[in-house]
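Have a look at the structure below before the remarks.
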Amino acid sequence: MSHVTRRVVLLVPLAAGVYGSQTYAQSSLKKVEETEPKATAIGYRHDSAKVDKARYPKHDVAHRCYNCLAFAPDKPADEWGECDLMSDRLVHRNGWCSSYKKKKG
């Protein structure tokens, strides 16, 4: 005989709802525009090759969002992903900002 408690009956649907809402949350985020105040404050560009070298002399073309510590896409190959610095927007994997911090490894 199976022993199902009220706790199991209540927690399983709750856990499924939390997982589903996280997936929905990222898919409902908008892509950041380079002209947004938050993006301009950190010098964000969709394409690392188009960064103003005079304004950001330490910039390296190899520095891109996809190898930055703050970048968190749903899947490694995703073109757009969440960034810890722009929690309500998606950034391009080939983008760059002045807060770039290389991932270890």
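Where a number appears in this text, it was derived from the coordinates with a stated rule and is not lab data. Just so it is clear, the structure is predicted and the values come from calculations on it, not from any experiment. Methodologically, a virtual Cβ is constructed for each residue, glycine included, from the backbone with ideal geometry; neighbour enumeration extends over all protein chains shown.
Miscellaneous remarks
- Checking the cross-link pairs Lys50/Lys104; Lys53/Lys102; Lys30/Lys102 against a 22 Å limit on the alpha carbon distance flags Lys50/Lys104; Lys30/Lys102 as lying beyond it.
- Projected label distance in nm at Asn67 and Ser98, using a 7 Å step from Cα toward the beta-carbon: 2.3
- Take each peptide in 63-72, 89-98, 40-49, count the other Cβ atoms within 10 Å of every residue, and average; sorted highest first, the result is 89-98, 63-72, 40-49.
- Partner aspartates and glutamates for Lys103 [C-alpha distance under 12 Å; skip if fewer than 8 residues away on the same chain]: none
- Prolate/oblate/rounded call for region 30-92, Cα gyration tensor, a/c under 1.5 rounded: oblate
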